[in-house]
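Structure first, then comments.
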Amino acid sequence: MHILVTGGAGYIGSHTCIALIDAGHTVVVVDDFSNSHPESLRRVEAICNTTIALYRGDVSDAALLQQIFTEHKIDGVIHFAGSKAVGESVEKPMLYYRNNVTASQTLIETMQSAGVHTLVFSSSATVYGDPHTVPILEDFPVGATNPYGRSKLMVEQIIQDQAVANGQFNGIILRYFNPVGAHPSGKIGEDPNGIPNNLMPFIAQVAVGKRPQLAIFGGDYPTKDGTGVRDYIHVCDLAEGHVKALEALHGQTGSHIFNLGTGNGVSVLEMVQAYAKVSQRPIPYQVVARRPGDVAQCYADPGYASVTLGWQATRNLNDMVASSWHWQSSNPHGYREA
Ligand code: UD1
């Protein structure tokens with residue numbers, strides 16, 4: 001298949017380009033590089049020994065999308081492009097509704113006029129809010145607590161409405177748990193701008209000596225060791241989940257929702273210990289107050305994706321940490337030159 005990948009230079013996008021190419025598909029990327037670097041795609045090209053058609057621009061640019069759909073016969077779209085920092089979304093909600101909601105609407109409208117019917121959407125387990133119990137099933141109640149989460153929920157609803165109205169449309173909503181790790185080559189990985197918001201890139205930067213210590217947000221949760229529990233999933237497993245979803249559901253219609261997680265809950269302290277062991281570096285930490293909006297536990301029931309898509313995560317915590325460390329220690333400045 002020929003797949004348009006929006007945000008294909010980003011962390012999950014670049015790994016998914018590799019998974020698609022490895023599975024025999026071709027990719028076209030559109031990215032504005034607002035939170036990514038063109039170097040990631042050059043490295044994807046080197047890893048896969050191929051060239052990738054790249055359009056630099058914004059998904060809310062309907063004329064650019066039309067040009068792409070005219071110049072390439074696209075079978076489906078994987079839509080990663082968007083903004084993803086919870087704190088920033090509270091400060092700049094309109095930016096989040098524009099980048100995440102308005103842009104997605106433009107994409108869906110342009111797909112319809114171009115006769116492209118299959119859309120895979122990058123959603124998040126954040127749409128479950130504070131789950132009443134774990135593991136989380138796809139039919140659990142949804143409800144977001146910040147503009148970022150609401151923007152994801154709104155796009156999910158737009159996709160579901162479009163599937164009702166347009167009998168040819170095929171909307172595949174993937175709710176990611178916590179993607180971590182990197183490609184085994186160590187050539188591509190997560191490269192956040194500024195101070196990382198998320199746990200794994202923060203730990204990686206402490207291990208490599210860029211930051212003095214980790215602040216653990218809360219040691220008094222009702223969990224196995226008092227720290228927050230999450231479902232960390234290797235980004236290569238997540239990437240393969242997109243390929244499986246496209247292959248299994250291409251040609252179908254309607255809307256479909258899948259959790260992409262491992263089903264295993266790992267605490268912050270367990271992650272710190274695993275990283276210290278693999279990197280052979282100390283990870284100094286201090287337990288501080290809870291971060292507002294955080295939940296105690298969040299992990300998936302991944303059974304529906306397994307049964308329906310024939311996909312399940314195969315990489316373990318050691319694979320996640322070892323690949324993260326390989327990337328971080330060989331690229332201490334990410335894609336920027338030292
Ligand atoms: C966060 C977002 C979520 C988003 C996801 C994307 C928040 C509140 N939630 O999820 O909406 O979809 O990232 O990947 O931002 N932790 C620390 N110290 C740190 C960083 C994190 O102790 O410096 C802890 C957190 O309290 C949490 C765990 O590590 O228990 C994971 O945090 P994080 O990586 O930010 O992911 P989520 O909060 O699950």
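Overview of results
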item: Selection from region 279-302 of residues that are small (Gly, Ala, Ser) and at pLDDT 95 or above; result: Ser279, Ala289, Ala296, Ala300
item: Test: residue in region 221-234 that is surrounded by fewer than 20 Cβ atoms within 10 Å (Cβ to Cβ), in contact with a helix residue (DSSP H, G or I) (Cβ under 7 Å, 6 or more places away or on another chain) and at pLDDT 95 or above; result: yes
item: Residue in region 8-19 that is open to solvent by 10 Å² or more (accessible area, probe 1.4 Å), closer than 23 Å to Val243 by Cβ, touching a residue at least 24 places away in the same chain (Cβ under 8 Å) and not in a helix (DSSP H, G or I) present; result: yes
item: Hits in region 73-104 (condition: within 24 Å of Gly241 (Cα to Cα), more than 16 Å from the ligand (Cβ to nearest atom) and open to solvent by 30 Å² or more (accessible area, probe 1.4 Å)); result: Lys73, Asp75
item: Residue count, region 179-202 (criterion: modelled with pLDDT under 95 and among the aliphatic types (A, V, I, L, M)); result: 1
item: Tabulated pairs, region 178-199, first part of a helix (DSSP H, G or I), second within 14 Å of the ligand (Cβ to nearest atom) and open to solvent by less than 30 Å² (accessible area, probe 1.4 Å), C-beta under 7 angstrom, 6+ apart or interchain; result: Leu199/Val268; Leu199/Met271
item: Top-ranked residue in region 210-224 [being touching a residue at least 24 places away in the same chain (Cβ under 8 Å) and under 12 Å from Ile195 (Cα atoms); ranked as nearest to the ligand (Cβ to nearest atom)]; result: Leu214
item: Odd one out for Lys152 among (1) within 11 Å of the ligand (Cβ to nearest atom); (2) not in a helix (DSSP H, G or I); result: (2)
item: Tabulated pairs, region 307-320, first in a helix (DSSP H, G or I), second open to solvent by 80 Å² or more (accessible area, probe 1.4 Å) and modelled with pLDDT of 95 or more, C-beta under 6 angstrom, 6+ apart or interchain; result: Leu309/Lys244
item: Residue in region 136-173 that is surrounded by the fewest Cβ atoms within 10 Å (Cβ to Cβ), counting only those that are more than 16 Å from the chain's Cα centre (by Cα) and of a type in the set (Phe, Trp, Tyr); result: Phe140
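The values are calculated or read from the model by the stated rules, or taken from the named source; none is laboratory data. This one's a predicted model, so the numbers in the text were calculated from it and none came from an experiment. Don't worry about glycine lacking a Cβ; one is built from the backbone with ideal geometry, like all the others, and counts go over all protein chains shown. Just so you know, the surface numbers come from the protein's heavy atoms only, side chains and all, with ligands and any DNA or RNA stripped out. Shrake-Rupley method; radii C 1.70, N 1.55, O 1.52, S 1.80 Å.
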